[in-house]
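Handing you a structure now.
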Amino acid sequence: MIKEEWKQKGFIDEPVAEGIDLKAEIRRMCKEKNAVILAHYYTRGEIQEVADFIGDSLALARKAADTDAKIILMCGVHFMAETCKILSPSKLVLAPDINAGCSLADSCRAEDLRKYKEEHPGYKVVSYVNTTAAVKALTDVVVTSGNAEKIVASFPQDEKMIFGPDYNLGSYINSVTGRNMLLWQGGCHVHERFSVAEIARLKQEHPEALVLAHPECKGPVLAAADVVGSTAVLLKYAVENPDKEYIVATEAGILHEMERCCPDTKFYPVPPEVSEGGAGCSCNECDYMKMNTLLKMYNALKYEWPSVDVDPEVAREAVKPIERMLELSK
Ligand code: 13P
Ligand code: SF4
């Protein structure tokens, strides 16, 4: 029985008896219920440690399409759980906390995109995976930061395209593909606040270190970067070059996997701008990703709630551009 209080909150924080090993209990329930845990690199370290699979948003979408588990517990943010549900409609998709949203997905409402499309007939819509199911349903092809360049480049040079919602990623893709896509003015509140001055300071302290940056960062941060790419691309670069040091301009959760894979390599997270509330912070975290906790995961599996559902009519349209992405990024 799901209590009214939990429904109001959108998660279950029922305490467990003292001494319970939450990780062991979560693994036990996964086995008993045929559940799989997918977690994004930005979640807390202990979540990544208990997950069956960790990855960037492209790898998580692929995994959701492939799994034969009955239940998917998606530890990430809401649009990632929606993508799982769209790709695996017969499965029960759970999220530890239904309030874990995404400022970038919030920056593009379906009704605004519909209007914009009407004002720009003949344009193809390329949407970043960080969008709601309703926005995906209005989209020609979905991309992630891991495949955006390849997918955009697969369109004819003179194709008229709208790219949304991330302005920084869109302008980066325009620059590397030589396209002139119309860009939605959306952004991620975490990646937009990385400080170029802090990168310069870290560079002074560690002159040999290379700068790794996610393409959601602002242009001046990307201009200061040695490697620009999705979380998986940045991780792969470090794993293949462990003898270097790295200044990392993406959400700090990725450091857990970087340090696990390269225990002898030094990683320095870039702090946010002081004017953006960064005073005293040594790293930059996504408060939505951090809403996922072991206790909420335990309770989500125990009560099989909260589930993430997508209106079947919306899902029917939204699955097409996601499958196109999976096909084009093979
Ligand atoms: P990735 O596609 O690199 O996993 O990034 C997802 C995201 O939310 C970035 O902020
Ligand atoms: Fe969304 Fe930004 Fe958090 Fe990624 S880091 S989930 S884009 S708010």
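The values are calculated or read from the model by the stated rules, or taken from the named source; none is laboratory data. Nothing here was measured: the structure is a model prediction, and the numbers come from that model. Positions of Cβ are backbone-derived with ideal geometry, glycine not excepted, and every protein chain shown enters the neighbour counts. These area figures cover heavy atoms from the full protein model, side chains too; ligands, DNA and RNA do not enter into them. Shrake-Rupley method; radii C 1.70, N 1.55, O 1.52, S 1.80 Å.
Results for (1) under 20 Å from residue 101 (Cβ atoms); (2) under 22 Å from the mean Cα position of the chain (by Cα); (3) away from ligand 2 (no atom under 14 Å from the Cβ); (4) of a type in the set (Val, Ile, Thr), shown as yes or no for each residue.
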| position | (1), (2), (3), (4) |
| --- | --- |
| 130 | yes, yes, no, no |
| 133 | yes, yes, yes, no |
| 149 | no, yes, yes, no |
| 162 | no, yes, yes, yes |
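Among the residues of segment 37-52, are any within 16 Å of ligand 2 (Cβ to nearest atom), among the acidic types (Asp, Glu) and within 27 Å of residue 216 (Cα to Cα)? Don't jump to the end; show me each part of the working.
If we filter segment 37-52 for residues that are within 16 Å of ligand 2 (Cβ to nearest atom), which is where we start, we get 38-44, 47-48.
Of the ones still in play, those that are also among the acidic types (Asp, Glu) are none.
There is no residue in segment 37-52 that is within 16 Å of ligand 2 (Cβ to nearest atom), among the acidic types (Asp, Glu) and within 27 Å of residue 216 (Cα to Cα).
Here's the yes/no breakdown for (1) more than 25 Å from residue 255 (Cβ to Cβ); (2) in contact with a helix residue (DSSP H, G or I) (Cβ under 8 Å, 6 or more places away or on another chain); (3) buried (at least 23 other Cβ atoms within 10 Å of the Cβ); (4) of a type in the set (Gly, Ala, Ser):
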| site | (1), (2), (3), (4) |
| --- | --- |
| 22 | no, yes, no, no |
| 33 | yes, yes, no, no |
| 39 | no, yes, yes, yes |
| 73 | no, yes, yes, no |
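Among the residues of segment 130-170, write down those that are over 20 Å from residue 119 (Cβ atoms), touching a residue at least 12 places away in the same chain (Cβ under 8 Å) and surrounded by fewer than 17 Cβ atoms within 10 Å (Cβ to Cβ).
150, 153, 154, 157, listed by residue number.
Being closer than 19 Å to residue 23 by Cα and more than 16 Å from ligand 2 (Cβ to nearest atom) is the filter here; which residues of segment 53-62 pass it? If you could, list the steps in order and put the result at the bottom.
First, the residues of segment 53-62 that are closer than 19 Å to residue 23 by Cα: 53-54.
Answer for segment 53-62, where residues must be closer than 19 Å to residue 23 by Cα and more than 16 Å from ligand 2 (Cβ to nearest atom): just 53.
For every residue, the table says whether it meets (1) over 23 Å from residue 11 (Cβ atoms); (2) at pLDDT below 95.
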| position | (1), (2) |
| --- | --- |
| 289 | no, no |
| 295 | no, no |
| 314 | yes, no |
| 317 | yes, no |
| 326 | yes, yes |
| 330 | yes, yes |
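More than 16 Å from ligand 2 (Cβ to nearest atom) and of a type in the set (A, V, I, L, M): does that describe residue 213? Walk me through how you get there before you give the answer.
Working: more than 16 Å from ligand 2 (Cβ to nearest atom): no; of a type in the set (A, V, I, L, M): yes.
No.
State whether one or more residues within segment 87-107 are over 25 Å from residue 285 (Cβ atoms) and within 17 Å of the chain's Cα centre (by Cα).
Looking for residues that are over 25 Å from residue 285 (Cβ atoms) and within 17 Å of the chain's Cα centre (by Cα), one finds at least one in segment 87-107, hence yes.
For residue 265, indicate whether it is in contact (Cβ under 8 Å) with a residue 40 or more places away in the chain and among the hydroxyl-bearing types (Ser, Thr, Tyr). Let's see the steps before the verdict.
Numbers: in contact (Cβ under 8 Å) with a residue 40 or more places away in the chain: no; among the hydroxyl-bearing types (Ser, Thr, Tyr): yes.
Taking the combined requirement at face value, the residue does not satisfy it.
Here's another thing I want to ask about it. Kindly list the number of the only condition in (1) within 19 Å of the chain's Cα centre (by Cα); (2) open to solvent by less than 10 Å² (accessible area, probe 1.4 Å); (3) of a type in the set (S, T, N, Q) that fails for residue 185.
Result: residue 185 fails condition (2) only.
On to the next question. Based on this model, can you work out whether residue 58 counts as open to solvent by 10 Å² or more (accessible area, probe 1.4 Å) and touching a residue at least 60 places away in the same chain (Cβ under 8 Å)?
On the way: open to solvent by 10 Å² or more (accessible area, probe 1.4 Å): yes; touching a residue at least 60 places away in the same chain (Cβ under 8 Å): yes.
It is true that residue 58 is open to solvent by 10 Å² or more (accessible area, probe 1.4 Å) and touching a residue at least 60 places away in the same chain (Cβ under 8 Å).
Looking at segment 186-214, I want the residues that are on the phi > 0 side of the Ramachandran plot and of a type in the set (D, E, K, R) and have a partner that is at pLDDT 95 or above and more than 16 Å from ligand 1 (Cβ to nearest atom) with Cβ atoms under 6 Å, at least 6 apart or on another chain. Which pairs are those?
Here the result reads none, with nothing in segment 186-214 linked to a residue that is at pLDDT 95 or above and more than 16 Å from ligand 1 (Cβ to nearest atom).
Of the conditions (1) surrounded by fewer than 16 Cβ atoms within 10 Å (Cβ to Cβ); (2) within 23 Å of residue 136 (Cβ to Cβ); (3) of a type in the set (Phe, Trp, Tyr), residue 288 satisfies every one except a single condition; which number is it?
(1)
Moving on to the next point. Find the residue count for segment 294-314, including only residues that are touching a Pro at 6+ places or on another chain (Cβ under 6 Å) and open to solvent by 20 Å² or more (accessible area, probe 1.4 Å). Full working, then the answer.
Applying the first criterion (touching a Pro at 6+ places or on another chain (Cβ under 6 Å)) to segment 294-314 yields 296-297, 300.
Now restrict to residues that are open to solvent by 20 Å² or more (accessible area, probe 1.4 Å): 296.
Looking only at that region, the number is 1.
Separate question: How many residues, within segment 1-58, are part of a helix (DSSP H, G or I), of a type in the set (A, V, I, L, M) and within 16 Å of ligand 1 (Cβ to nearest atom)?
The first filter runs over segment 1-58 and keeps only residues part of a helix (DSSP H, G or I), leaving 4-9, 22-33, 45-50, 57-58.
Now narrow it down to the ones that are of a type in the set (A, V, I, L, M): 22, 24, 26, 29, 47, 50, 58.
Still in the list and also within 16 Å of ligand 1 (Cβ to nearest atom): 47, 58.
Final tally of qualifying residues: 2.
Now, a different point. Quick check: anything in segment 196-203 open to solvent by 10 Å² or more (accessible area, probe 1.4 Å), of a type in the set (Val, Ile, Thr), more than 16 Å from ligand 2 (Cβ to nearest atom) and under 16 Å from residue 284 (Cα atoms)?
Checked against the condition, which is being open to solvent by 10 Å² or more (accessible area, probe 1.4 Å), of a type in the set (Val, Ile, Thr), more than 16 Å from ligand 2 (Cβ to nearest atom) and under 16 Å from residue 284 (Cα atoms), segment 196-203 yields at least one hit.
If you take the residues of segment 235-257 that are free of Cβ contacts under 8 Å to residues at least 24 places away in the same chain and within 16 Å of ligand 1 (Cβ to nearest atom), which of them is most open to solvent (accessible area, probe 1.4 Å)?
Ranking the qualifying residues of segment 235-257, first place goes to 236.
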